[in-house]
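The values are calculated or read from the model by the stated rules, or taken from the named source; none is laboratory data. Remember, it's a predicted structure, so these values are computed and weren't measured experimentally. No Cβ is skipped: glycine too gets one built from the backbone with ideal geometry, and neighbour counts run over all protein chains shown. Side chains included, ligands, DNA and RNA excluded: accessible areas come from the protein's heavy atoms. Shrake-Rupley method; radii C 1.70, N 1.55, O 1.52, S 1.80 Å.
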Amino acid sequence: MARIFSDKKLVVASHNEGKVREISDLLAPFGVEVFSSAALDLSEPVEDGQTFIENAEIKSRSATGESGLVSLADDSGLVVPSLGGIPGIHSARYAYNPWSEERDFNYAMDKLNLELGDKDRSAYFACALSLAWPDGHVETFEGKVHGTLVWPTRGNNGFGYDPMFIADGYAQTFGEMEASAKHAISHRAQAFKKLINACFKS
Ligand code: IMP
């Protein structure tokens, strides 16, 4: 049995305001007051785990240790098995363009497509969520969505690697789908469903 979250306050262990807003919206029905790491001036820990779950735990434990509040963190990325699992936990870093010295997902998708060549184009997005309590208890959940990487990229919706990813059973890339359609099937949605079913009571 997972531990039930019964507090009134929760830290979302992220400095990304978009992510904090999305998570706050998902938790709105449970009457939780959400604070971001940035609002509480919490530090950003080094994400040196080997898996999405390890990195999510590093972030949630760090935030709960500094704030004394239950903290929720997520870690996500794209995994390409035929390339040994890259970009995986390095999905954000893989997009660093050395010429512009910025994160650039057109550059990242181009690089990935070249690395793929005629190898198997199966891929999946994964999202790990970690909920950490100040007494050291942690609950983790993972969601995945399997699909194929296409070229050329299609669509401008979403973010990151969305324009080259088609989920199994669908015709549009995540970059072409409406946000609500992507959010119904995404790795993040699946991980959240598991978290809410296990740890939140409405
Ligand atoms: P982080 O968990 O915020 O560090 O995100 C890791 C990286 O994974 C992002 O910068 C994106 O490159 C990639 N990623 C995670 N989720 C998605 C998604 O839903 N669509 C496209 N790219 C994603």
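Per-structure values
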quantity	calculated
Formal net charge of residues neighbouring Val32 (Cβ-Cβ distance under 12 Å; K, R +1; D, E -1)	0
Orientation-averaged projected area, Cα convex hull of the range 66-115 (nm²)	5.2 nm²
Net charge, Val80 excluded, C-beta distance under 14 Å - Lys, Arg +1, Asp, Glu -1	+1
Where His187, His90 fall by accessible area, highest first, once all protein chains stay in place (1.4 Å)	His90, His187
Neighbour net charge for His15 - beta-carbon separation under 15 angstrom, K R +1, D E -1	-4
Residue pairs, from the table Lys59/Lys119; Lys119/Lys193; Lys59/Lys193; Lys19/Lys111; Lys59/Lys144; Lys59/Lys201, whose Cα atoms sit over 29 Å apart	Lys59/Lys119; Lys119/Lys193
For the range 26-101, alpha-carbon Rg relative to the globular expectation (2.2 N^0.38 Å, N residues)	1.34
Percent accessible area from carbon and sulfur atoms, the range 108-197, protein chains only, probe 1.4 Å	50 percent
Solvent-accessible area per residue, Å², over the chain with all protein chains present [probe radius 1.4 Å]	50 Å²
Isotropic mean projected area of the C-alpha convex hull, the range 72-164 (nm²)	7.3 nm²
Linear extension gain, Ser202 paired with Asp120, 0.36 nm per residue minus alpha-carbon span	25.2 nm
Exposed-site-free run, longest, the chain (rule: chymotrypsin sites (Phe, Trp or Tyr not before Pro); DSSP loop; at most 15 other C-beta within 10 Å)	1-98
With eigenvalues of the C-alpha gyration tensor scaled by 5 and rooted, the chain, Å	30, 18, 15
Accessible-area ranking of Glu57, Glu101, largest first, probe 1.4 Å	Glu101, Glu57
Extension gain (nm, one decimal) between Thr148 and Glu101, 0.36 nm per residue minus Cα-Cα	14.0 nm
